[in-house]
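See structure below.
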Amino acid sequence: SNLNKEFQSYVASRANIMNTSVGKVAPDLKLDTPDGKQMAISDLKGKVVLIDFWASWCSPCRKENPNVVAAYNKYKGKGFEILSVSLDKQKEKWVKAIKDDGLIWDGHVSDLGGWQSQAAATYGVKSIPQTFLLDKEGKIIAKNLRGPALEQKLEELLGA
């Protein structure tokens, strides 16, 4: 029945949220980049990684992007990387937003599934922007850091 399917979906999403709580090893994702190559979280092991769920159509995401760019520019030489996971459905809009917002890092991935994205399901993402900060071993050490809070945590981990 539909009720049973909805309940099972809810239970699965709650389990995924538990799998992405602080202290857990981040589930690996392997998704396509804009140029059709595949990139995985595990490719970034050994670095502090911000997994940033966003979309071109998300106004709060776009408003936060300058803070993310500033953090990247400040800490990229100290072992910091970003994996931007887009919940876009249209590749053209996704690629245009990357360019327009100056998201200069290489880590851009999407399955172009929108809210049905497998990555969003794996991480229990129900709203965006949503971020997960991973340590060099791939463990989740913080969630939903934005603006000064992200900067402060990166300074603590990587130095000024």
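The values are calculated or read from the model by the stated rules, or taken from the named source; none is laboratory data. Because the structure is predicted, anything quoted here is derived from the model rather than measured. Cβ atoms come from the backbone with ideal geometry, glycine included; neighbour counts cover every protein chain shown. We work out accessible area using only protein heavy atoms, side chains counted, and drop any ligands, DNA or RNA first. Shrake-Rupley method; radii C 1.70, N 1.55, O 1.52, S 1.80 Å.
Structure data summary
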item	result
Total residues in segment 143-160, condition aliphatic (A, V, I, L, M) and either more than 20 Å from Asn73 (Cβ to Cβ) or in a loop (DSSP other than H, G, I, E, B) (or both)	2
Positions within segment 106-150 being open to solvent by less than 40 Å² (accessible area, probe 1.4 Å), within 23 Å of Ser59 (Cβ to Cβ) and of a type outside the set (A, V, I, L, M, F, W, C), in sequence order	Gly107, His108, Ser110, Gly113, Gly114, Ser117, Tyr123, Gly124, Pro129, Gln130, Thr131, Gly147
Conditions (1) modelled with pLDDT of 95 or more; (2) surrounded by fewer than 20 Cβ atoms within 10 Å (Cβ to Cβ); (3) touching a strand residue (DSSP E or B) at 6+ places or on another chain (Cβ under 9 Å); number of the one not met by Ser86	(2)
Candidate set from segment 38-82 (those that are under 13 Å from the mean Cα position of the chain (by Cα) and among the small types (Gly, Ala, Ser)); member that is surrounded by the most Cβ atoms within 10 Å (Cβ to Cβ)	Ala55
Count of segment 104-145 residues which are out of contact with any helix residue (DSSP H, G or I) (no Cβ under 8 Å at 6 or more places or on another chain) and of a type in the set (Asp, Glu)	2
Filtered residue count, segment 89-105, keeping only those that are under 24 Å from Glu155 (Cβ atoms) and either open to solvent by less than 90 Å² (accessible area, probe 1.4 Å) or in contact with a strand residue (DSSP E or B) (Cβ under 9 Å, 6 or more places away or on another chain) (or both)	4
Long-range neighbours under 7 Å by Cβ, at least six apart or interchain, first residue over 14 Å from Ser42 (Cα atoms) within segment 125-143, second of a type in the set (Gly, Ala, Ser) and in a loop (DSSP other than H, G, I, E, B)	Ile128/Ala55; Phe132/Ala26
Test: residue in segment 23-37 that is open to solvent by less than 80 Å² (accessible area, probe 1.4 Å), under 23 Å from Phe80 (Cα atoms), in a strand (DSSP E or B) and modelled with pLDDT of 95 or more	yes
